[in-house]
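Following: one structure in structure tokens, then a few remarks.
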Amino acid sequence: MSPPGKDQLISSLKAAGQSPQLSIDDVGTTVMVLPNGGRILGLFSPDSQTNFLWTNDHLRSADSARAFIESDEWQNTGGDRTWLSPEIDFFYPNFPVTDPYFQPRSLDPGNYQLIPNPHGITVRNDLNVRSYRHKVDWQLRLTKDVRLLSNPLSRLPHGQFAEKVQFAGYRLHTSLEILAADPKPADVNIWNLVQMPNGGDMIIPTYYRSEPTTFFGDIPAGHVQTHENKVVYTMKAEGEQKIAVSAMAATGRAGYIVAQGDETALIIRNFAVRPSANYVDVWPTSPEDDGYAFQACNIRNPTLGTFSELEYHAPAIGGETGLTRSDDVSELWAFRGDQEIIRSLGELLLSAGAS
């Protein structure tokens, strides 16, 4: 079943009482932000109805979208969302018992408000959330500023790619502010996750040969391949699995290649990595094993959906850092075209050295 196209997605959301916000540049590139959840829900190249990002099948029609959004269940509408980590602090209300897993509703969908922005789309969520592990109650502010980008291929000597592929991209400026915390703050950080159609390959450039850590799930043999300067993760297994790459090894760029109909898409995220900073996300089975800047999560779940996640963490604030604000800027580039051309483009843009 093909995902909903741009017009269908907009129509379903509006009919369901939602207010998708669109930013469109001079050539027709479109980014869509859904205030409900503060998500970047759609990214479309000019003259294309095909979304680069994954959206939930419930958004295919107005009736199913309305029932889904109004339900008491957590609504994973799709797209690019912002969460907080360490995950074990905020998503396990009975920690150290790991059942249930619960998404704090003050975080997602939150209560995002539109902030006037003549250059793009800005949403802000003031929230209260509890760190169950450290018994800390936070008052936080999350602000997301989304702006369209020009095609970076025009600046390369390999300019022929720009004429042969579709492009859409955006800059995301995420800020996290600690407004108050009681008692003394623990750590907290920005965690950005973009969801894409499942079944492709995640390519993670690394500065040196680095075997990723499996956070959870059983990954089939051969689905994770480690090379001298990259990790390739084939994301199509049933169930749920996640790998993580350390801040020391991560280059600050990763990409995902996946078939979309008769064409192939390449989605690349550029993000800042500071290896000397605190990267504090951990998994419940290894709560002392931190230092991870990048993660990739494969989900094929009848309730949550079927998608692949490209995730990164910003350095933590609070705790011993003494910092009360984090500003993170990332870019997302999306290309679509002939498979051979897209594979060649991936080799060009995702090479950290000899493979």
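Expressed as a whole number of Å, what is the distance separating the alpha-carbon centroids of region 239-265 and region 283-355? If you average the Cα positions of each part, the centres end up 7 Å apart. With the convex hull drawn over the C-alpha atoms of region 1-74, the volume per residue is 82 Å³.
Place a label point 7 angstrom from the Cα of residue 225 along the Cα-to-Cβ direction, then list the residues of region 166-208 whose backbone nitrogen is under 17 Å away. Answer for region 166-208: 199-206.
Per-residue extension of 0.36 nm, minus the Cα-Cα distance of residue 25 and residue 115, leaves a gain of 30.5 nm for this segment. About its Cα centre, the dipole of the chain is roughly 540 debye, where the only charges are +1 on Lys and Arg Cβ and -1 on Asp and Glu Cβ.
Which of 108, 262, 182 has the fewest other C-beta atoms within 10 Å, and how do the rest follow up to the most? Ascending number of Cβ neighbours within 10 Å: 262, 182, 108. Our estimate of slack between residue 232 and residue 49, defined as 0.36 nm per intervening residue step minus the Cα-Cα distance, is 63.0 nm. Computed over the alpha carbons of region 262-354, Rg followed by Dmax gives 17.1, 52 Å. Across the options 10, 307, 214, the greatest Cα extent toward the positive end of the charge dipole of the chain (unit charges at beta carbon of Lys, Arg, Asp, Glu) belongs to 10.
What full-extension length gain, to one decimal in nm, is calculated for residue 327 and residue 101 as 0.36 nm per residue of separation minus the Cα-Cα distance?
78.6 nm
Straight-line cross-link reach from residue 230 at under 15 Å between alpha-carbon atoms covers these aspartates and glutamates, not counting any fewer than eight positions away in the same chain: 201, 211, 347. The fewest-to-most ranking of 87, 70, 177 by surrounding Cβ atoms within 10 Å reads 70, 177, 87. Span-like helix criteria (full DSSP H runs; alpha carbon extent of at least 27 Å along the helix axis; mean Kyte-Doolittle hydropathy of at least 1.0) are satisfied in the chain by no helix.
For residue 6, the lysines whose Cα falls under 17 Å of its own Cα, not counting residues fewer than eight places away in the same chain, are 14. Taking the convex hull of the alpha carbon positions in the chain and averaging its projected area over all directions gives 17.1 nm². Within region 89-104, what residues put their amide N at less than 19 Å from the label point 7 Å along the Cα-to-Cβ vector of residue 128? Counting only backbone N, you get 90-94, 103-104. Placing a label point 7 Å from the Cα of residue 207 along the Cα-to-Cβ direction, the residues of region 308-340 whose backbone N falls under 18 Å of that point are 313-316. Each peptide in 71-80, 15-24 was scored by the mean count of other Cβ atoms within 10 Å over its residues; highest first, the order is 71-80, 15-24.
Each value in this text was obtained by applying a stated rule to the coordinates, not by laboratory testing. In this text, all values refer to a predicted model and were calculated from it rather than measured experimentally. Positions of Cβ are backbone-derived with ideal geometry, glycine not excepted, and every protein chain shown enters the neighbour counts.
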